[in-house]
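The values are calculated or read from the model by the stated rules, or taken from the named source; none is laboratory data. Remember, it's a predicted structure, so these values are computed and weren't measured experimentally. Quick reminder, even Gly has a Cβ in these numbers, built from the backbone with ideal geometry, and neighbours come from all protein chains shown. Side chains included, ligands, DNA and RNA excluded: accessible areas come from the protein's heavy atoms. Shrake-Rupley method; radii C 1.70, N 1.55, O 1.52, S 1.80 Å.
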Amino acid sequence: MCKHILNAQVSIRAPCCKKWFDCSECHAESETHRLARTTEMAFMCKKCKKAFRKDMANYEESDEFCPHCDNHYVIDAKIPQAIVGVEGEDARVDNRMLKDERVKQTKNRSIFAQDGIEDRIG
């Protein structure tokens, strides 16, 4: 499980040490050498668990899918970001926990009040 890319769809096989990694940053953290560059990459689909090779020299849009299960593995990466927040639900979304402290204004009624006197009979 990669901690750098949350939605990694394939694992890559490093051509330098022949080990499988979820991303190049995982390789850099666990190995002391740099990731070797090559034109032919080996991938393993995380959906169907089958390995396949792609020639990166002539990479096309149709190469963005696993040849075994048609899983689209070239997607925008979701990178975890640290945020500061308060535990609990957002009060703007679920306001059942908030108490409405507004007070309804009651109109003082009196027999001596002069407003609206023309509507009264008698």
If a residue must be open to solvent by 40 Å² or more (accessible area, probe 1.4 Å), within 19 Å of TYR73 (Cα to Cα) and out of contact with any strand residue (DSSP E or B) (no Cβ under 9 Å at 6 or more places or on another chain), how many such residues does the range 1-35 contain?
5
Hey, any hits in the range 13-30 for a residue that's aliphatic (A, V, I, L, M), assigned to a loop (DSSP other than H, G, I, E, B) and under 25 Å from the mean Cα position of the chain (by Cα)?
no
Within the range 60-87, which residues are at negative phi, open to solvent by 70 Å² or more (accessible area, probe 1.4 Å) and at pLDDT 85 or above?
PHE65, PRO67, HIS68
Considering only the range 36-59, state which residues are assigned to a loop (DSSP other than H, G, I, E, B), open to solvent by 60 Å² or more (accessible area, probe 1.4 Å) and either closer than 13 Å to GLN9 by Cβ or not polar (S, T, N, Q) (or both).
ARG37, LYS46, LYS47, LYS49, LYS50, MET56, ALA57, TYR59
